[in-house]
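> Could you have a look at this structure, given as structure tokens, before my questions?
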Amino acid sequence: MPTAIEIFKHLPKKNCGKCNYPTCLAFAMQLANSKAKLEDCPFVSEEGKAALAASSAPPIRLVRFGSGQRAIEMGDETEIYRHEKKFFHPTAFAVAVSDQLPKDEVRGRVEAIRSVRFERVGQTLGFDSIAVKDDSGDPSKFASAVEEAASACDLPLVLVSSSPERMKVAASKVAARRPLLYGADQRNLAEMASVARTLGCPMALTGAKDLNEMADLAAKAKATGLEDLVLDLGSKSLKDQLEGCSKVRKLSVKKLFRGLGYPILVDAGKGEEAVLKGMLAVMKYGSLVIFDDISEAQALPLFVLRQNIYTDPQVPIQVKPGLYPVNGAKEGAPILFTTNFSLTYFTVLADIEKSKVPAWLLVVDSEGLSVMTAFSAGKLTPEIVVKALESSAAKERSGSEVLVMPGMVSRMSGKLQELSGMRVVVGPKESSGIPKFLKNLS
Amino acid sequence: MTEVPVTKEKWTGKIGVVSLGATADEGGSRAKKLAIGGETGMPFLSYEGAMVNRPLIAGEVLDYLEELPEQVRKEFQADCEDPVTWAKAWISRGADLICLKLHSTNPEELDRSPEEAAQTVLKVLRAVDVPLIVYGSGHEEKDAKVMEVVSNAAPKERLLLGQAEESAYKSVSAAAMANDHSIISFANLDVNLSKQINILLIDFGTRKDRIVLDPLFAALGMGLEYSYSVMERIRLAALMGDSMLQVPLICDTTSAWKAKEASEELEGHDGLEERAVWWEATTGLAALVSGADVLIMRSPSSAGIVRRAIDGLSGGV
Ligand code: B12
Ligand code: SF4
């Protein structure tokens, strides 16, 4: 956002008060803090509006591809380090499918990619996009692979080709899905840009030998009227990738240099290095990663890294405190308590479910802290547990006399027994011990 | 042609260099010393500042196997039954140094004596010629005794001894100072507490170039994001001139093996072993990218991935 003084320059300076502020300067100050809208002044000139729109555009452009619920948003980041505020748009992961595969294999592969799904701390983790590659050089093969991939899943598509002709044939078939067209370089820029413009698709730039050339390419693409651009810096090593992405992010965010203010695509390839590139992209400024191949066992750590890095540093992921029946718990089933840090809650919940023993889970409000952290911070005390028992009417609803506590905080068992008037049983330290423990309890 | 402006940050601070191990000319018996630290920029950004010393990988060796996951046991087989063969196995798998954890001294478990533990340290020192990191069992009172005996048993070897915490730093750091060893200062995921423990150690007489900081690196999926950001903040503060934070950082990634995803089958997904290896490797990569100078690692397969990542990040050197 421009400063109040910069905004003020573009205001009519009538001090008429129509904007509900006494002076143009007062209005400019509100605008700079995003507390007012430019439309509230009826007298701003068209040039003024255009100038302000340009300078208030985000340092990294927000680029969307795909359509509907699964559309992917990239860019619009404002920080260099996540602790400064947060990272907003999680890195998207695409897996490639070659157009040289027979049709039914294209479908099979897309379905396999789509079916990689993990449930973790209440979120579903999986791949976000399919990249169809023009390996055959045959326009009808590429187009039919693209169509097949589109019909096999609802994920946004990346179309990978260096030929504007083949891109045009394939992209026209799925234009409504707003695919990302990947493959505009020095040689084909004009034609590729015309395909992207006609079909209304975002376009990825590639093949520049350094950042100067990339900025040149972006400027040329922009001159043709395309705004939704993505940059492939073509990094060969992990070092190139880290340094290239860091330079672009700092230039955009700190220097407001707009020539490279676009999301970054990492074409990771396959094997171990591809996984490392994907992880590096998650931590350091990559918006979209394309894998030629990646195993499920490599995908989960990658997904969890993204989940970790993109959580809001100010707010731990929490669940709602309260009393929850598990495995069809009824009258008389024991109550187990835990904290409302989502990692803790979901870990414990999964282990109670595994036991198949009916039980009540009391989630105590620890302000989103884990058991040990909450305990050392004084956010998990016998008093707080008793309050949670009372406010959820746990005793009445469960008809239970037994309260099971996390083994890690066994130190507070005596006091808790005294205050709650229940039979307090110290559970195992690790929640993985819960199934065995519950079976023995009943 | 567009001229892209240069984005070089001008840092005023510099991370101090700590050297690990001592060679014969200093009275030790290591083949060579290893240096860590010395950065003048954020991790691996060569255009911003030199990363003069490559981050190192220390292979974990335990003298009591209770905690060791079956999968890692399989990787080492019989070698892990004896700290000596285990340490050698690590060297042949490319570890830069060894981290020996004397868990057998824990009074709540085997309760081995400090003297016995010191013998283990000496045996390992004779078996390998790389520098050594030595931890006790995490039992405060016992560790104080163990570290004193270990320090005296290997007086000139420049061990890196773990660990000094705010609540208990005097005896451990006195043990380190007595024979000019180095010490790991530990703080719990907090920039100010990290600074605090370093101030305490230095006030107590520890030389700054004998301190390596462990800000607690939580494993992937277990709070990694907190650690990642605390590390970045410590490093930034150091580069901006906070001298009490200008020390190398050490991260223990072995806690990754406690994560559910690294230790249990997940319904409907195979590949537990490969996943577990990546779990520790991912934890290590995040530690490196946020500023680690030394990693303590458990699985040689994970360590292999991390070593290749270090190669790639340092431009193939
Ligand atoms: C991430 C983290 C933090 C994060 C907070 C994360 C969060 N949202 O809670 C931050 C950085 C904020 C933090 C701060 C602090 N932390 Co902290 N933190 C950790 C860390 C690294 C991981 C915690 C975690 O997420 N564990 C995973 C969850 C799932 O574990 P859990 O909730 O305990 O649940 C397990 C079991 O308890 C059990 N379980 C849970 N519920 C139930 C219920 C039943 C019935 C049963 C049977 C079992 C069971 O199952 C789960 C899986 O096994 C640990 C160290 C470690 N590696 O464990 C330290 C740790 C918990 N922290 C600690 C401390 C001291 C603190 C601070 C007080 C230090 C400080 N800097 O001031 C502060 C306090 C915070 C505050 N607000 O004031 C200490 C606690 C020491 C102790 N023994 O009491 C630890 C152990 C680190 C250490 N070794 O010193 N911390
Ligand atoms: S309405 Fe426009 S011209 Fe009038 S005071 Fe507000 S900003 Fe100035």
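> Give me the pairs: first residue in region A:32-43 and more than 14 Å from chain B (Cβ to nearest Cβ), second residue among the aliphatic types (A, V, I, L, M) and away from ligand 1 (no atom under 16 Å from the Cβ), beta-carbon distance under 7 Å, and six or more apart or on different chains, which are they?
That search, which allows pairs on different chains as well, returns A:Ala32/A:Met1; A:Ala32/A:Ala4; A:Ala32/A:Ile7; A:Ser34/A:Met1; A:Leu38/A:Leu31; A:Leu38/A:Val44; A:Leu38/A:Leu52; A:Cys41/A:Leu11.
> Now for a different question. Does B:Leu272 satisfy the criteria of being modelled with pLDDT of 95 or more and either away from ligand 1 (no atom under 11 Å from the Cβ) or in contact with a Pro (Cβ under 7 Å, 6 or more places away or on another chain) (or both)? Explain how you work it out, then say what you get.
Values: modelled with pLDDT of 95 or more: yes; either away from ligand 1 (no atom under 11 Å from the Cβ) or in contact with a Pro (Cβ under 7 Å, 6 or more places away or on another chain) (or both): yes.
Yes.
> Could you check region B:226-237 and list, in sequence order, the residues that are crowded, with 23+ Cβ neighbours inside 10 Å and either at the interface with another protein chain (Cβ under 9 Å from one of its Cβ atoms) or not in a helix (DSSP H, G or I) (or both)?
Matches in region B:226-237: B:Tyr228, B:Val230.
> Another question, then. Could you run through region A:337-352 and say how many residues are farther than 22 Å from A:Glu390 by Cβ and more than 6 Å from ligand 1 (Cβ to nearest atom)?
If we filter region A:337-352 for residues that are farther than 22 Å from A:Glu390 by Cβ, which is where we start, we get A:342-343, A:346-347, A:349-352.
If we keep only those that are more than 6 Å from ligand 1 (Cβ to nearest atom) as well, we get A:342, A:346, A:349-352.
Result for region A:337-352: 6.
> How many residues does region A:281-297 hold that are at the interface with another protein chain (Cβ under 7 Å from one of its Cβ atoms), in contact (Cβ under 8 Å) with a residue 40 or more places away in the chain and over 15 Å from the mean Cα position of the chain (by Cα)?
Narrowing region A:281-297 to residues at the interface with another protein chain (Cβ under 7 Å from one of its Cβ atoms): A:283-284, A:295-297.
Next, from what is left, pick out any that are in contact (Cβ under 8 Å) with a residue 40 or more places away in the chain: A:284, A:296.
Next, from what is left, pick out any that are over 15 Å from the mean Cα position of the chain (by Cα): A:296.
The qualifying residues number 1.
> Further, regarding this structure: If I filter region A:255-273 for residues that are out of contact with any helix residue (DSSP H, G or I) (no Cβ under 9 Å at 6 or more places or on another chain), within 11 Å of another protein chain (Cβ to nearest Cβ) and either part of a helix (DSSP H, G or I) or charged (D, E, K, R) (or both), do I get at least one hit?
Looking through region A:255-273, at least one residue is out of contact with any helix residue (DSSP H, G or I) (no Cβ under 9 Å at 6 or more places or on another chain), within 11 Å of another protein chain (Cβ to nearest Cβ) and either part of a helix (DSSP H, G or I) or charged (D, E, K, R) (or both).
> Condition check: under 24 Å from A:Leu251 (Cα atoms), within 14 Å of chain B (Cβ to nearest Cβ), away from ligand 2 (no atom under 12 Å from the Cβ) and not hydroxyl-bearing (Ser, Thr, Tyr). Does A:Glu6 satisfy that? Reasoning before the result, please.
On the way: under 24 Å from A:Leu251 (Cα atoms): yes; within 14 Å of chain B (Cβ to nearest Cβ): no; away from ligand 2 (no atom under 12 Å from the Cβ): yes; not hydroxyl-bearing (Ser, Thr, Tyr): yes.
For A:Glu6, the condition - under 24 Å from A:Leu251 (Cα atoms), within 14 Å of chain B (Cβ to nearest Cβ), away from ligand 2 (no atom under 12 Å from the Cβ) and not hydroxyl-bearing (Ser, Thr, Tyr) - is not met.
> Next question, about the same structure. Going through region B:192-225 one residue at a time, which ones are within 14 Å of chain A (Cβ to nearest Cβ), in a helix (DSSP H, G or I) and buried (at least 20 other Cβ atoms within 10 Å of the Cβ)?
Residues satisfying the conditions are B:Leu224, B:Glu225.
> Test A:Arg117 against the stated conditions and say whether it is outside the structural domain of A:Asp351 (by TED's automatic domain parsing) and either closer than 20 Å to A:Val63 by Cα or out of contact with any Asp or Glu (no Cβ under 9 Å at 6 or more places or on another chain) (or both).
Working: outside the structural domain of A:Asp351 (by TED's automatic domain parsing): yes; either closer than 20 Å to A:Val63 by Cα or out of contact with any Asp or Glu (no Cβ under 9 Å at 6 or more places or on another chain) (or both): yes.
It is true that A:Arg117 is outside the structural domain of A:Asp351 (by TED's automatic domain parsing) and either closer than 20 Å to A:Val63 by Cα or out of contact with any Asp or Glu (no Cβ under 9 Å at 6 or more places or on another chain) (or both).
> Follow-up. Could you tell me how many of the residues in region B:272-297 are part of a helix (DSSP H, G or I) and of a type outside the set (Ser, Thr, Tyr)?
Initially, region B:272-297 is screened for residues part of a helix (DSSP H, G or I), giving B:272-289.
Right, trim to of a type outside the set (Ser, Thr, Tyr) and you get B:272-281, B:284-289.
Residues that pass the stated criteria total 16.
To keep it simple, each residue is scored yes or no on (1) within 15 Å of ligand 1 (Cβ to nearest atom); (2) of a type in the set (A, V, I, L, M, F, W, C); (3) modelled with pLDDT of 95 or more.
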| position | (1), (2), (3) |
| --- | --- |
| B:Ala127 | no, yes, yes |
| B:Glu141 | no, no, no |
| B:Val146 | no, yes, yes |
| B:Ala168 | yes, yes, no |
| B:Ile184 | yes, yes, yes |
| B:Leu193 | yes, yes, yes |
| B:Gln196 | yes, no, yes |
| B:Leu200 | no, yes, yes |
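> Among the residues of region A:340-349, is any outside any helix (DSSP H, G or I), under 34 Å from the mean Cα position of the chain (by Cα), more than 14 Å from every other protein chain (Cβ to nearest Cβ) and more than 16 Å from ligand 2 (Cβ to nearest atom)? Lay out the reasoning, then the answer.
Residues of region A:340-349 outside any helix (DSSP H, G or I): A:340-341.
After this cut, where a residue has to be under 34 Å from the mean Cα position of the chain (by Cα) as well, the list is A:340-341.
Still in the list and also more than 14 Å from every other protein chain (Cβ to nearest Cβ): A:340.
With the extra rule that they be more than 16 Å from ligand 2 (Cβ to nearest atom), the set shrinks to A:340.
Yes, the conditions are met somewhere in region A:340-349.
> Run down A:Ala71, A:Ala53, A:Ala26 and say which single residue is over 24 Å from A:Leu276 (Cα atoms) and modelled with pLDDT under 90.
Checking each option against the conditions leaves just A:Ala53.
> State which residue is nearest to the other protein chains (Cβ to nearest Cβ) when the search covers only region A:212-236 and only residues that are surrounded by 21 or more Cβ atoms within 10 Å (Cβ to Cβ) and under 13 Å from B:Val4 (Cα atoms).
A:Ala215
> Scan A:Val110, A:Val95, A:Val106 and give me the residue that is closer than 20 Å to A:Val304 by Cα and either within 16 Å of ligand 1 (Cβ to nearest atom) or more than 14 Å from chain B (Cβ to nearest Cβ) (or both).
Values: A:Val110 fails: closer than 20 Å to A:Val304 by Cα; A:Val106 fails: closer than 20 Å to A:Val304 by Cα.
Testing whether each residue is closer than 20 Å to A:Val304 by Cα and either within 16 Å of ligand 1 (Cβ to nearest atom) or more than 14 Å from chain B (Cβ to nearest Cβ) (or both) leaves just A:Val95.
Yes/no matrix, rows are residues, columns are (1) touching a helix residue (DSSP H, G or I) at 6+ places or on another chain (Cβ under 6 Å); (2) not aliphatic (A, V, I, L, M); (3) not assigned by TED's automatic domain parsing to the domain that holds A:Tyr81:
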| position | (1), (2), (3) |
| --- | --- |
| A:Phe341 | no, yes, yes |
| A:Trp360 | yes, yes, yes |
| A:Gly368 | no, yes, yes |
| A:Ala374 | no, no, yes |
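> Would it be correct to say that A:Val326 is in contact (Cβ under 8 Å) with a residue 24 or more places away in the chain and more than 9 Å from chain B (Cβ to nearest Cβ)? Lay out the reasoning, then the answer.
On the way: in contact (Cβ under 8 Å) with a residue 24 or more places away in the chain: yes; more than 9 Å from chain B (Cβ to nearest Cβ): yes.
Spelling it out, A:Val326 is indeed in contact (Cβ under 8 Å) with a residue 24 or more places away in the chain and more than 9 Å from chain B (Cβ to nearest Cβ).
> Select from region B:247-286 the residues that are of a type in the set (Val, Ile, Thr) and more than 10 Å from every other protein chain (Cβ to nearest Cβ) and list them in ascending order.
B:Val247, B:Ile250, B:Thr253, B:Thr254
> Just one of A:Arg249, A:Arg306 is part of a helix (DSSP H, G or I) and touching a Pro at 6+ places or on another chain (Cβ under 8 Å); which is it?
Values: A:Arg249 fails: touching a Pro at 6+ places or on another chain (Cβ under 8 Å).
Answer to the check: A:Arg306.
> Go through (1) in a loop (DSSP other than H, G, I, E, B); (2) within 11 Å of chain B (Cβ to nearest Cβ); (3) in contact with a Lys or Arg (Cβ under 9 Å, 6 or more places away or on another chain) one by one and return the number of the condition A:Leu300 breaks.
(1)
> Kindly evaluate B:Ile91 against the criterion of being closer than 18 Å to B:Val18 by Cβ and away from every other protein chain (no Cβ under 14 Å). Give the steps one after another, and end with the answer.
Values: closer than 18 Å to B:Val18 by Cβ: no; away from every other protein chain (no Cβ under 14 Å): yes.
Considered against the rule, which asks whether it is closer than 18 Å to B:Val18 by Cβ and away from every other protein chain (no Cβ under 14 Å), B:Ile91 comes out as no.
> Taking region A:404-424 as the search range and keeping residues that are under 14 Å from A:Ile335 (Cβ atoms) and near ligand 1 (Cβ under 9 Å from one of its atoms), which one is farthest from the chain's Cα centre (by Cα)?
Taking region A:404-424 and keeping what is under 14 Å from A:Ile335 (Cβ atoms), we get A:404-406, A:416-417, A:420-424.
Filter once more, so that each one left must be near ligand 1 (Cβ under 9 Å from one of its atoms): A:404-406.
On the way: A:Val404: 36, A:Met405: 35, A:Pro406: 32 Å.
Out of the qualifying residues, it is A:Val404.
> Being among the small types (Gly, Ala, Ser), within 14 Å of ligand 2 (Cβ to nearest atom) and farther than 23 Å from A:Ala299 by Cα: is that true of A:Gly68 here?
Working: among the small types (Gly, Ala, Ser): yes; within 14 Å of ligand 2 (Cβ to nearest atom): no; farther than 23 Å from A:Ala299 by Cα: yes.
Spelling it out, it is not the case that A:Gly68 is among the small types (Gly, Ala, Ser), within 14 Å of ligand 2 (Cβ to nearest atom) and farther than 23 Å from A:Ala299 by Cα.
The values are calculated or read from the model by the stated rules, or taken from the named source; none is laboratory data. No experiment lies behind these values; they were computed from the predicted model shown. Please note: Cβ atoms are built from the backbone with ideal geometry, for glycine as well, and neighbour counts cover all protein chains shown.
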